[in-house]
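What follows is one structure encoded as structure tokens, with my remarks underneath.
The values are calculated or read from the model by the stated rules, or taken from the named source; none is laboratory data. In this text the structure is predicted, and so the values were computed from the model without any measurement. So basically every Cβ, Gly included, is an ideal-geometry build from the backbone, and we count neighbours across all protein chains shown. Accessible surface areas use protein heavy atoms only, side chains included; no ligands, DNA or RNA. Shrake-Rupley method; radii C 1.70, N 1.55, O 1.52, S 1.80 Å.
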Amino acid sequence: MENSKKILVNIFQETTKIFWILFKVILPVIIIIRVLELIGAIPFLAKFLEPLTSFIGIDGSLGLVWMAAMLVNIYAALAAFASLQAIFDYSVAETTILGLIILIAHSLPIEVAIAKKSRISWIFNLSFRFINAIVAGKILNLIFTKYELFNEPNQSVLQVPNDLVSNFEWAILQIQNFFIIFIIIFFIITTINVLKSLGVWTFIIHIMKIPLSYLGMSEKVANIILIGLTLGISFGGGFLIEESKKNNISKKDILLSLSFLSLCHSIIEDTILILLLGSHISGILFFRFIYTVIIILLLKILLETKMQKFILSKLTDG
């Protein structure tokens with residue numbers, strides 16, 4: 001009984017530590033984004049993306065959806081798309097490409113800030129995600145065009161969103177979100193402890209050794225990759241921040257693991273959300289994963305050259 005109480009206290013303390021790290025990063029960012037929403041800056045900023053969305057191969061109007069995703073989150077993108085789908089006719093190919101670039105580059109203010117706390121250059125992380133979203137979107141468009149795939153009209157289950165919530169409702173929603181984040185972190189740490197006691201966690205980490213080593217990462221980031229892939233970069237990043245502070249993870253592991261999660265994370269929730277757009281799973285899940293592996297392999301090869309020290313000194317802090 002006494003031992004169980006001690007374990008519970010340790011889990012609560014670890015949860016509080018990781019939650020506090022994320023809270024300090026997320027709070028100022030969501031306040032700034034709220035101000036941008038209220039003054040109507042997001043539609044204005046979206047105009048700068050129209051040439052890029054056209055280059056990628058999707059309708060220029062979808063720049064608003066992508067901007068909402070990048071500055072706010074995927075939910076904001078869904079709301080923006082719901083407003084546009086009644087006006088424009090999109091194909092399944094377009095919404096799949098849109099879904100792909102959203103999944104690679106969304107919630108950038110928060111997620112880039114988390115990456116920076118993990119000792120990754122914010123300029124690199126921001127550029128890495130933005131450029132890869134454009135490249136991946138363009139490649140997928142070329143594939144769809146060459147093989148004439150998914151040209152049928154898009155069908156989305158999304159409804160036109162309600163009016164903008166009041167500041168009070170927004171504040172209540174943020175409090176609820178932070179509470180949910182705390183509960184999820186507590187659940188993650190508890191689950192890991194239970195799996196460790198049963199020997200299951202060690203077995204999972206052991207299985208992940210081979211693919212991680214192939215991608216240039218050590219087993220030290222296995223739990224971070226696992227958490228990030230399933231629950232998202234905020235949670236995976238939170239654990240990485242804590243580990244990087246302890247100096248238990250090398251700069252190379254930090255760079256490769258964060259780069260991997262930057263391109264492919266939260267494959268359950270985020271993928272389901274993007275499916276609501278009408279996107280096809282082949283592009284938003286399978287193509288994204290394959291693309292991520294290829295990019296990380298290229299980054300690994302680059303880090304195996306004589307330029308490794310120079311690259312790590314420029315792209316990581318501390």
For this session: Find the helices (runs of 4 or more DSSP H) located wholly in region 98-207 whose residues include 2 or more that are more than 22 Å from Asp253 (Cα to Cα), and list them.
Result: 122-147, 167-198
Problem set entry | So Ile284, is it surrounded by fewer than 22 Cβ atoms within 10 Å (Cβ to Cβ), within 17 Å of the chain's Cα centre (by Cα) and within 28 Å of Gln85 (Cα to Cα) | no
Exercise. With Leu263, Leu256, Leu297 as the choices, which residue is surrounded by 21 or more Cβ atoms within 10 Å (Cβ to Cβ), at pLDDT 95 or above and more than 29 Å from Ile183 (Cβ to Cβ)?
Worked result: Leu256
Exercise. Given the conditions (1) open to solvent by less than 40 Å² (accessible area, probe 1.4 Å); (2) touching a strand residue (DSSP E or B) at 6+ places or on another chain (Cβ under 8 Å), which single one is not true for Thr96?
Worked result: (2)
For this session: Mind counting the residues in region 31-58 that are modelled with pLDDT under 85, within 22 Å of the chain's Cα centre (by Cα) and either buried (at least 17 other Cβ atoms within 10 Å of the Cβ) or over 20 Å from Phe179 (Cα atoms) (or both)?
Result: 7
Exercise. Considering only region 201-222, how many residues are of a type outside the set (A, V, I, L, M, F, W, C) and open to solvent by less than 30 Å² (accessible area, probe 1.4 Å)?
Worked result: 1
For this session: For region 69-82, state whether one or more residues are in a helix (DSSP H, G or I), aromatic (Phe, Trp, Tyr) and surrounded by fewer than 15 Cβ atoms within 10 Å (Cβ to Cβ).
Result: yes
For this session: Could you grab the pairs with beta carbons closer than 7 Å, sequence gap of 6+ or different chains, first residue in region 256-268 and closer than 11 Å to Ile227 by Cα, second one open to solvent by 10 Å² or more (accessible area, probe 1.4 Å) and among the hydrophobic types (A, V, I, L, M, F, W, C)?
Result: His265/Leu229; Ser266/Leu231; Ile267/Leu229; Ile267/Leu285
Exercise. Does Phe289 satisfy the condition of being among the aromatic types (Phe, Trp, Tyr), open to solvent by 60 Å² or more (accessible area, probe 1.4 Å) and modelled with pLDDT of 95 or more?
Worked result: yes
Exercise. Aromatic (Phe, Trp, Tyr) and over 18 Å from Ile120 (Cα atoms), is that true of Phe239?
Worked result: no
Problem set entry | Long-range neighbours under 6 Å by Cβ, at least six apart or interchain, first residue under 20 Å from Gly57 (Cβ atoms) within region 71-93, second open to solvent by 30 Å² or more (accessible area, probe 1.4 Å) and part of a helix (DSSP H, G or I) | Ala80/Leu64
For this session: Go through region 107-139 and count every residue that is out of contact with any Lys or Arg (no Cβ under 9 Å at 6 or more places or on another chain) and either at pLDDT 95 or above or not small (Gly, Ala, Ser) (or both).
Result: 19
Exercise. Among the residues of region 148-163, is there at least one that is in contact (Cβ under 8 Å) with a residue 12 or more places away in the chain, of a type in the set (Asp, Glu) and either over 24 Å from Ser257 (Cβ atoms) or open to solvent by 90 Å² or more (accessible area, probe 1.4 Å) (or both)?
Worked result: yes
Exercise. Quick one: what pairs do we get from region 23-51, first residue within 18 Å of Ala113 (Cβ to Cβ) and touching a residue at least 24 places away in the same chain (Cβ under 8 Å), second open to solvent by 80 Å² or more (accessible area, probe 1.4 Å) and not hydrophobic (A, V, I, L, M, F, W, C), C-beta under 7 Å, 6+ apart or different chains?
Worked result: Val25/Lys117
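Confirm whether Lys252 is in a helix (DSSP H, G or I), within 30 Å of Ser4 (Cβ to Cβ) and among the basic types (Lys, Arg).
No: the conditions fail for Lys252.
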For this session: Would you point out which residue out of Ile188, Ile175, Ile227, Ile183 is modelled with pLDDT under 90, over 22 Å from Ile104 (Cα atoms) and open to solvent by less than 40 Å² (accessible area, probe 1.4 Å)?
Result: Ile188
For this session: Could you tell me which of the residues Leu277, Leu240 is part of a helix (DSSP H, G or I), closer than 29 Å to Ile26 by Cα and either polar (S, T, N, Q) or open to solvent by less than 50 Å² (accessible area, probe 1.4 Å) (or both)?
Result: Leu240
For this session: Evaluate the following for Trp66: is it open to solvent by less than 60 Å² (accessible area, probe 1.4 Å) and among the aromatic types (Phe, Trp, Tyr)?
Result: yes
